[in-house]
Amino acid sequence: MLAGKRILLIIGGGIAAYKALELVRLIQKAGGSVTPVLTRAGSEFVTPLSVGALAKSKVHEALFDLTSEAEMGHIELSRSADLLVVAPATADLLAKMAGGRADDLASTLLLATDKRVLVAPAMNVRMWQHPATQRNLGVLRADGVLMVGPDEGEMACGEYGPGRMAEPAAIVQAILEAIGAALGGGPLAGRHVVVTSGPTHEAIDPVRYIANRSSGAQGAALGAALRDLGARVTFVTGPAAVPPPGGVQVVRVETAAEMAAAVEAALPADAAVMAAAVADWRIANVSGQKLKKDRSGKAPALEFAENPDILALVSQGSRRPRLVVGFAAETTDVVAHATAKRARKGCDWIVANDVSPGTGIMGGAENAVTLISDAGAEVWPRMGKDEVARQLAARIAEALR
Ligand code: C5P
C-alpha cells in the first residue's frame, strides 16, 4: 500500500517518541521506507541508534552536518520524500511551523519542503488547550498541514484529556490517505462535495446582527478531511472564528439567504455536508438606519421571518446530491429530535450532537456525535473534531463508492 513511498519522519521531543519506533515498523510493513530526523529534544527520548537500526537508514540530526550536506543537502532531503510526517509533533514544533521558523534541521526541512506535511500532535492537555497552540493549529490547518489526533486519555504526566499522540496504526492510515490524495487517487478523487460551515449573521440594522455561537471548527475539519481524501470541496462559510482549510474553494457569506444562493450556485455535487449553524430566522423589519434609544425607554420590537432551510431545499431539490448530510445541534432528546429532523428535511444522514452548556462542544475542540441514517442511530465516542471529520469523510467516501 505504501510500496516505493518515502516518508521523512521527524521525531520531536516528547514521551510519545517511543511510539515513533512502532510507527517506523508499521510504515515499513506497509511497504514504505523511512528517513528519520530526530530533533535535539527527540534524541532525549529515543536514541539515534534505535531509530536508525529500525529504519535501516541514517538518522539526520543536525542542520549543519558537513557530511550530510555533502551527500544530500537539507533542501534535497525535504523534497525527496513523498510525505513529511511529524510524530510526535510537540507544541514547540507546531509553533515553529506556524511561525515559519527554521532554526534547526526539523524546522528547516518543514519550511523548505514542497511536499505535504502530516503532524501527529502530542503534548500535555493544558498545552494542547492553550490559545497559543490552538491558534497555531488554526494557522497550520489553513496552510494545508494535515493532522491526525491527538487522542483523549490518561497522559504520562497523570492528567486526563486530549493530547495523547494518535496510535501508530491511525497515523499509518492518515499517511495512506495523504499519499492517496496527493497522487489524485484518494477515494473521493473526482468527486465534488459542498460543505457549509460556521454561523450566519442576520442584520438588525447597519451595525447590529443576531448570530449564534458556532465557531466553524467542525465544518473546517470536515472540509479538510474531505479534501484529504481527494474531493474537490466547495466550502461555503459564514463569519466563522476558525479559518477555512487550505486547498478548497472558499465562498464567504454573511446571511442564510446568501448561503442558500451560494450552495445553489455550487451544485451539482456528489455530496453536500451542511455543518453550518444557519440562523432559523432573519429580521423582517431590518432598519436602514442605526436604531436609536427611545426617550420613553421603549425597546424596539424586532420582527422575525423564517430563513430558507438550505438543507431541506438541497435534499428535496431537483439537483439533489447523491448523499446529503445534515447536522443537528440539540440540547435535549438528541436522538429523537435528530431522527425527526432527518425525516422532515429529507437528508440521508444526520450527525447529531449534544451542545448543552457544560459539554464544551460548541466552540470546543471535541465532539460527541450520533450518526443517524436509515440504519438507525450509531453513537460515536467523544473525540476531537478532526477525528470526527476524518471518520465522517471516510464514511462519505464509502457511501459514494
Ligand atoms: O433545524 P436545524 O437548524 O436544527 O437543522 C440543522 C441542520 O440543518 C444543519 O445541517 C444545518 O446546516 C441545516 N440548516 C440549513 N438551513 C437552515 C437551518 C438549518 O441548512 N435554515
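Details
- Of the candidates 93, 137, the single residue that is part of a helix (DSSP H, G or I), at pLDDT 90 or above, closer than 24 Å to residue 180 by Cα and of a type in the set (A, V, I, L, M, F, W, C) is 137.
- Qualifying residue in the range 61-79 (condition: assigned by TED's automatic domain parsing to the domain that holds residue 96 and within 27 Å of the chain's Cα centre (by Cα)): yes
- Residue 255 vs. criteria polar (S, T, N, Q) and in contact with a His (Cβ under 7 Å, 6 or more places away or on another chain): yes
- Residues located in the range 96-124, provided they are among the basic types (Lys, Arg) and either within 18 Å of the chain's Cα centre (by Cα) or modelled with pLDDT under 95 (or both): 115, 116
- Hey, residue 38 in contact with a His (Cβ under 7 Å, 6 or more places away or on another chain) and crowded, with 16+ Cβ neighbours inside 10 Å or not: no
Matching residues to (1) small (Gly, Ala, Ser); (2) within 13 Å of the ligand (Cβ to nearest atom); (3) within 16 Å of residue 214 (Cβ to Cβ); (4) touching a strand residue (DSSP E or B) at 6+ places or on another chain (Cβ under 8 Å):
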site	(1), (2), (3), (4)
274	no, yes, yes, yes
289	no, no, no, no
325	no, yes, no, yes
332	no, yes, no, no
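- Being farther than 20 Å from residue 190 by Cα, more than 15 Å from the ligand (Cβ to nearest atom), of a type in the set (Gly, Ala, Ser) and out of contact with any Phe, Trp or Tyr (no Cβ under 9 Å at 6 or more places or on another chain) holds for only one residue in 231, 225, 241, and it is 241.
- Condition check for residue 367: surrounded by 14 or more Cβ atoms within 10 Å (Cβ to Cβ), of a type in the set (S, T, N, Q), at pLDDT below 95 and more than 12 Å from the ligand (Cβ to nearest atom): yes
- In the set (1) within 12 Å of the ligand (Cβ to nearest atom); (2) under 25 Å from residue 173 (Cβ atoms); (3) of a type in the set (D, E, K, R), the condition left unmet by residue 309 is number (2).
- Residue match in the range 299-315 (condition: farther than 28 Å from residue 207 by Cβ and either of a type in the set (Gly, Ala, Ser) or outside the structural domain of residue 201 (by TED's automatic domain parsing) (or both)): yes
- Test: residue in the range 189-212 that is away from the ligand (no atom under 16 Å from the Cβ), free of Cβ contacts under 8 Å to residues at least 60 places away in the same chain and touching a helix residue (DSSP H, G or I) at 6+ places or on another chain (Cβ under 8 Å): yes
- Checking residue 161 against (1) at negative phi; (2) in a strand (DSSP E or B), the condition it does not meet: (1)
Matching residues to (1) without any contact (Cβ under 8 Å) to a residue 24 or more places away in the chain; (2) touching an Asp or Glu at 6+ places or on another chain (Cβ under 9 Å); (3) in a loop (DSSP other than H, G, I, E, B); (4) closer than 23 Å to residue 94 by Cβ:
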residue: 7; (1), (2), (3), (4): no, yes, no, yes
residue: 13; (1), (2), (3), (4): no, yes, yes, yes
residue: 20; (1), (2), (3), (4): no, no, no, yes
residue: 24; (1), (2), (3), (4): no, no, no, yes
residue: 50; (1), (2), (3), (4): no, no, no, no
residue: 57; (1), (2), (3), (4): no, no, yes, no
residue: 64; (1), (2), (3), (4): yes, no, yes, no
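- Looking at 153, 186, 158, 138, just one residue is under 14 Å from the mean Cα position of the chain (by Cα) and either more than 16 Å from the ligand (Cβ to nearest atom) or not small (Gly, Ala, Ser) (or both), and that residue is 138.
- The listed residue being within 13 Å of the ligand (Cβ to nearest atom) and either buried (at least 20 other Cβ atoms within 10 Å of the Cβ) or over 29 Å from residue 257 (Cβ atoms) (or both), out of 315, 296, 373, 356: 315
The values are calculated or read from the model by the stated rules, or taken from the named source; none is laboratory data. Every value quoted in this text rests on a predicted model; they were computed, and no experiment measured them. Note that each Cβ is placed from the backbone with ideal geometry, even for glycine, and that neighbours are counted across all protein chains shown.
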